[in-house]
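**Student:** Sharing a structure with you now.
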Amino acid sequence: MGKITIDRNACKGCGLCAINCPEKLIIIDESMNVRGVHPAKFTETDPEKCKGCKMCAIMCPEVCIEVYK
Ligand code: SF4
Ligand code: SF4
């Protein structure tokens, strides 16, 4: 079991974390952040599926994801 947090205002909306999450737990938010982009958002429907594998954090060029296990 894992859990992540995303610094939404540091996110540049590239989507790399969403593409690389093996469980597809990251979505792109409909609302914009302070940078004027649609940021990544952790799932609210099935967060218990997170394995804490850190793939999302490793892929993030802005280092805005923290993983807890
Ligand atoms: S830690 Fe792994 S399973 Fe959890 S959101 Fe990130 S990539 Fe997905
Ligand atoms: S990889 Fe980082 S910058 Fe790109 S969408 Fe995900 S959280 Fe945002």
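Since every read-out is calculated from the coordinates, none of them should be taken as a lab result. As the structure is a computational prediction, the values presented were derived from the model and not from experiment. Positions of Cβ are generated from backbone atoms using ideal geometry, with glycine treated the same way; all protein chains shown enter the neighbour counts.
**Student:** Which residues, taken from region 36-69, are within 8 Å of ligand 2 (Cβ to nearest atom), buried (at least 17 other Cβ atoms within 10 Å of the Cβ), aliphatic (A, V, I, L, M) and in contact (Cβ under 8 Å) with a residue 40 or more places away in the chain?
**Tutor:** I65
**Student:** While we're on this one: For region 1-35, what are the residues that are loosely packed, with under 15 Cβ neighbours inside 10 Å and farther than 21 Å from C50 by Cα?
**Tutor:** The answer is N9, E30, S31, M32, V34, R35.
**Student:** Give the residue, chosen from C21, C64, C17, that is out of contact with any His (no Cβ under 7 Å at 6 or more places or on another chain) and more than 8 Å from ligand 1 (Cβ to nearest atom).
**Tutor:** Result of the check over C21, C64, C17: C64.
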